[in-house]
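Structure, as structure tokens:
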Amino acid sequence: MNPFSSGTRLRDMIRAIRACKTAAEERAVVRKECADIRALINEDDPHDRHRNLAKLMFIHMLGYPTHFGQMECLKLIASPGFPEKRIGYLGLMLLLDERQEVLMLVTNSLKQDLNHSNQYVVGLALCALGNICSAEMARDLAPEVERLIQFRDPNIRKKAALCSTRIVRKVPDLAENFVNAAASLLKEKHHGVLITGVQLCYELCLINDEALEYFRKKCTEGVIKTLRDITNSAYQPEYDVAGITDPFLHIRLLRLLRVIGQGDADASDLMTDILAQVATKTESNKNAGNAVLYECVETIMAIEDTSSLRVLAINILGRFLSNRDNNIRYVALNMLMKAITFDDQAVQRHRVTVLECVKDPDASIRKRALELVTLLVNENNVTQLTKELIDYLEISDEDFKEDLSAKICFIVEKFSPEKLWYIDQMLKVLCEAGKFVKDDVWHALIVVISNASELHGYTVRALYRAVLTYSEQETLVRVAVWCIGEYGDLLVNNVGMIGSEDPITVTESDAVDVIEDAITRHNSDSTTKAMALVALLKLSSRFPSISERIKDIIVKQKGSLLLEMQQRAIEYNSIVDRHKNIRSSLVERMPVLDEATFNVRRAGSFPASASTVAKPSVSLPNGFEKPAVAPLLDLLDLDSDDILAAPSSSGADYLQDLLGVDLGSSSSQFGATQAPKAGTDLLLDILSIGTPSPAQNSISSIDLLSTADVNSNPSNALDTLSSPVPPHTATTASTGMFDLLDGLSPSPSKEATNGPAYPSIVAYESSSLKIEFTFSKPPGNPQTTNVQATFINLSPNTFTDFIFQAAVPKFLQLHLDPASSNTLPVSGNGAITQNLSVTNSQHGKKSLVMRMRIGYKLNGKDVLEEGQVSNFPCGL
Amino acid sequence: MIRFILLQNRQGKTRLAKYYVPLEESEKHKVEYEVHRLVVNRDAKFTNFVEFRTHKVIYRRYAGLFFSVCVDITDNELAYLESIHLFVEILDHFFSNVCELDLVFNFHKVYLILDEFILAGELQETSKRAIIERMSELEKLE
């Protein structure tokens, strides 16, 4: 009996509910109905059960709780009639899921129904099982389902196949049982059974490796043949969609081929023909065709390499990219990201189209396109791509700006060919999207700026101009404030103009205006304000004429509500007032941070080193506070040696690494190719400050960021050719080194105990070599010390090609005489002596420290020993 | 694999909800609400695919109804778009020019059709004719 044949009661209820004008009315109607149903359930009347359940299901769909109906489902399922069972199973699937224990009670009914004589009932049972069975039920009923895969009726077969899919998903161990049955399904002619059979095989291959092997060996050709038949088949109205016969079956078969061919070259070979055929012959003007092509491309990408097929695939994707349909473009962008890993060239061809997609109105396409563009960037196209992206940055939406600016910064940092360009691009990004730029990005920018000494003037002027217009971009203000503080004198004096610049007059007062504005503006945050205050301190030293005005500004900040500002204001005020004599040395130019070390440390590849690993905290005044300065110029830093030094046979490079940090951009020595010079000559060159030859070495090793491209900025090279800023080094010597050695030597410099005779020391001792130093002072020159080094061979073999090299910090000057010989015979039979003379410009304040490297040949092998001498007698 | 299928109208009322993964009642309501919010605001020019939690939702609007299918990330979106269309064609044929009211009053039949079309989250039959035939056989048994 059809529960709805009387027609009205279910429909009446639905009509009544729909007629309610308000939610309260509806709740009232539903409550009444639920009460009726509960009463009827208690009466246990079999006749209206199905109607009640149908009503209950509707109420459930509206969103009301209906747990009391669950047992009704079970009773209905147990009834003999088909209509009751039908409603019962429907209710079961709707009101219950696999996590409920009530489900277990159905297992027995299911088992009986699976064996029912009425195949429609069997169908019902399979359907319910396939949709909501739990793992235990799956285990219990798996044999029944397996049997049903071979049933005579195709409807049952296909249901059984999909039901098995669920079973093996829930209980992977049962996979083996289904392999044979699944293989037989592949030979079906009925599309429904075929498609479900293919699905089952796919699932089995995913779960079970043996199944995969089995299918690979036995069924690959069969599957290929099926696909070929279907591709070539004549028009079948029943399955035709937009000119393709059963695109769903195509897609399923392609998927199965994908999982078979992945990782197996033979299987992949077998399928190349059919894949090529599908790829070329499928029409792509409708969605169905595109769906098949998409699956085909995915399969081609996944199986083992056949380059011609891959090229075909990427061409298809290229066609997709220019399709007007957004869906197709989205899909193409997704796939291209995967394709880039193995064929970058082919994808590069479509760069322009991808760039267009970055500007698409659809957000998901924009996002995908941007990621793809990031992957496509290389040295050749970086300038043009960045230009396009920055142009777009100006007009893009706010929510996209963050993503876009992050990607632009990433690209610029990674691939920038020269510093000038890098600074320009970063400036533009800061102007447009400064508030989205992250901290480590603008920190890196400052590092680069400080390293590009010849661009300081240009940079500070550009920043000045920018900050006048874009003063609401926080990060821009910070960078500008720092640079104006550091290079204010270059700003007002128009120093270091480069060709393309227009001259601009900036008075000292203008510069201070900008900084004052940064402090007083209401939406500057505390970091900006603090940085501005530091900048003012620097300017008070660099611009003595308006020192009073600066002092006033600082004094005003004494009353600031921010504790940090108060403290700084008070401290700086006292410096300006009472410590004029050390002010200038306090706020000297920041020593340049070694870029390579910075990059490495930033990348976190550095093990915990002796010095602080913190990035240069730019808000700290120069040299005045705790040695965050230490990592910047850790000349005698034991660790940086390993990172910086390129493995070259010339020992000269190593020493240069140690010392050449401050000589402009001679810091990164990667791939330094220099003609090895005689060790002692090189040392002389390196260590004497202010001569051109160290710069000579540094030219060949100028390494801006990570690419070594000198030609693009010849001015950079030339600048370092000329004397590497002697006043720079001379003055930093006093401040930069001030904390440096304090950090290094465990005890602060002792009082000079001026004894006339200095004991000789063992400078270095290892298992094979011993070095002794004896000292003498030439008359009349207390700063100079003559050292005689004696080398003793402690090993049983002779050393040949013996070379001794030494390095000292900047406040010392070292002169090495040639050694007495370069062959060191076995101990006792002789020693080499070498004279050195050391001049200490900080005589009385600092002791001598020296780093040594000894190279020699032992039994034909090169040996290198290094050491540090810190036990010089004081007072030298 | 299909995780769930939803039919919702513009106001957010669910006309059909079929889940192939277990979810609590409250979670289901939340999901329906979120999916509705996602698809109802999208412009017609945008793609038919949206990311939803760790899966994706493929949706299409037919008159006042949104057909949303939630699938795994690795599935072929275009294929599911086709299957949504096939389902709508079947409904259209069965109810002769289907409208939303048909689906409301005959919800149990819609579920039946769906169960003939998709099982265990996978496509069961691709022929419209076959499904319609099967439905008429089932109706005769009532």
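The values are calculated or read from the model by the stated rules, or taken from the named source; none is laboratory data. All of these numbers come straight from a predicted model, not from anything done at the bench. A quick note on method: Cβ atoms are made from the backbone with ideal geometry, for glycine too, and the neighbour counts reach across all protein chains shown. SASA here: full protein model, heavy atoms, side chains in, ligands and nucleic acids out. Shrake-Rupley method; radii C 1.70, N 1.55, O 1.52, S 1.80 Å.
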Considering only residues that are in a helix (DSSP H, G or I), among the small types (Gly, Ala, Ser) and more than 9 Å from chain B (Cβ to nearest Cβ), which ones fall in the range A:264-299?
A:Ala265, A:Ala267, A:Ser268, A:Ala276, A:Ala279, A:Gly289
So, in the range A:387-430, exactly how many residues are part of a helix (DSSP H, G or I) and under 23 Å from A:Tyr464 (Cα atoms)?
22
Hey, can you tell me all the residues within the range A:582-599 that are open to solvent by 20 Å² or more (accessible area, probe 1.4 Å) and either touching a Ser or Thr at 6+ places or on another chain (Cβ under 9 Å) or assigned to a loop (DSSP other than H, G, I, E, B) (or both)?
A:Arg583, A:Ser584, A:Ser585, A:Leu586, A:Glu588, A:Arg589, A:Met590, A:Asn599
So which helices (runs of 4 or more DSSP H) stay within the range A:78-163 end to end and still have 2 or more residues that are more than 11 Å from every other protein chain (Cβ to nearest Cβ), in contact with an Asp or Glu (Cβ under 9 Å, 6 or more places away or on another chain) and over 25 Å from B:Ile131 (Cβ atoms)?
A:107-114, A:135-148
Of all the residues that make up the range A:184-232, how many are without any contact (Cβ under 8 Å) to a residue 40 or more places away in the chain, within 14 Å of another protein chain (Cβ to nearest Cβ), open to solvent by less than 30 Å² (accessible area, probe 1.4 Å) and of a type in the set (A, V, I, L, M, F, W, C)?
5
Filter result (surrounded by fewer than 17 Cβ atoms within 10 Å (Cβ to Cβ) and polar (S, T, N, Q)) within the range B:70-82:
B:Thr74
Taking the condition of being at pLDDT 80 or above and crowded, with 18+ Cβ neighbours inside 10 Å, how many residues in the range A:832-846 meet it?
5
Let me confirm something: among B:Val35, B:Val50, which residue is under 20 Å from B:Tyr80 (Cβ atoms), touching a strand residue (DSSP E or B) at 6+ places or on another chain (Cβ under 7 Å), part of a helix (DSSP H, G or I) and not hydroxyl-bearing (Ser, Thr, Tyr)?
B:Val35
How many of the residues making up the range A:185-210 are at pLDDT 90 or above and of a type in the set (Gly, Ala, Ser)?
1
With A:Ile792, A:Ile854, A:Ile803 as the choices, which residue is open to solvent by less than 10 Å² (accessible area, probe 1.4 Å) and assigned to a strand (DSSP E or B)?
A:Ile854
Within the range A:320-343, can you find the residues that are out of contact with any Leu (no Cβ under 8 Å at 6 or more places or on another chain), within 14 Å of chain B (Cβ to nearest Cβ) and open to solvent by 10 Å² or more (accessible area, probe 1.4 Å)?
A:Asn323, A:Arg324, A:Asp325, A:Asn326, A:Asn334, A:Lys338
Filter result (closer than 30 Å to A:Cys133 by Cα, within 8 Å of chain A (Cβ to nearest Cβ) and open to solvent by 40 Å² or more (accessible area, probe 1.4 Å)) within the range B:14-69
B:Glu25, B:His29, B:Glu51
Hey, A:Glu432 more than 22 Å from the chain's Cα centre (by Cα) and over 30 Å from A:Cys357 (Cβ atoms) or not:
no
When residues of the range A:502-548 are filtered for being closer than 23 Å to A:Asn581 by Cα, over 36 Å from the mean Cα position of the chain (by Cα) and in contact (Cβ under 8 Å) with a residue 24 or more places away in the chain, how many remain?
13
In the range A:233-251, how many are more than 8 Å from chain B (Cβ to nearest Cβ) and either crowded, with 20+ Cβ neighbours inside 10 Å or hydrophobic (A, V, I, L, M, F, W, C) (or both)?
5
Is the range A:58-76 home to any residue that is in contact with an Asp or Glu (Cβ under 9 Å, 6 or more places away or on another chain), open to solvent by 50 Å² or more (accessible area, probe 1.4 Å), part of a helix (DSSP H, G or I) and away from chain B (no Cβ under 14 Å)?
yes
Pick from the range B:70-92 the residues that are without any contact (Cβ under 8 Å) to a residue 24 or more places away in the chain and not in a helix (DSSP H, G or I): which of them is nearest to the other protein chains (Cβ to nearest Cβ)?
B:Asn76
Would it be correct to say that B:Leu101 is farther than 29 Å from A:Ile328 by Cα, over 12 Å from the mean Cα position of the chain (by Cα) and open to solvent by 60 Å² or more (accessible area, probe 1.4 Å)?
yes
What pairs come up if the first residue lies in the range B:123-142 and is facing chain A (nearest Cβ under 8 Å) and under 13 Å from B:His93 (Cα atoms), the second is open to solvent by less than 60 Å² (accessible area, probe 1.4 Å) and β-branched (Val, Ile, Thr), and their beta carbons are under 9 Å apart, counting only those six or more places apart or on different chains?
B:Lys128/B:Ile90
Let me spell it out: the conditions are (1) touching a Lys or Arg at 6+ places or on another chain (Cβ under 6 Å); (2) in a helix (DSSP H, G or I), and A:Glu238 meets all of them except one. Which number is the exception?
(2)
Given the criterion in contact with a helix residue (DSSP H, G or I) (Cβ under 6 Å, 6 or more places away or on another chain) and open to solvent by 30 Å² or more (accessible area, probe 1.4 Å), identify the matching residue among A:Arg157, A:Arg152, A:Arg169.
A:Arg157
Limited to the range A:252-263, what total is found for residues that are open to solvent by 10 Å² or more (accessible area, probe 1.4 Å) and part of a helix (DSSP H, G or I)?
4
Which residues, taken from the range B:3-13, are buried (at least 17 other Cβ atoms within 10 Å of the Cβ) and either more than 11 Å from every other protein chain (Cβ to nearest Cβ) or of a type in the set (Lys, Arg) (or both)?
B:Arg3, B:Phe4, B:Ile5, B:Leu6, B:Gln8, B:Asn9
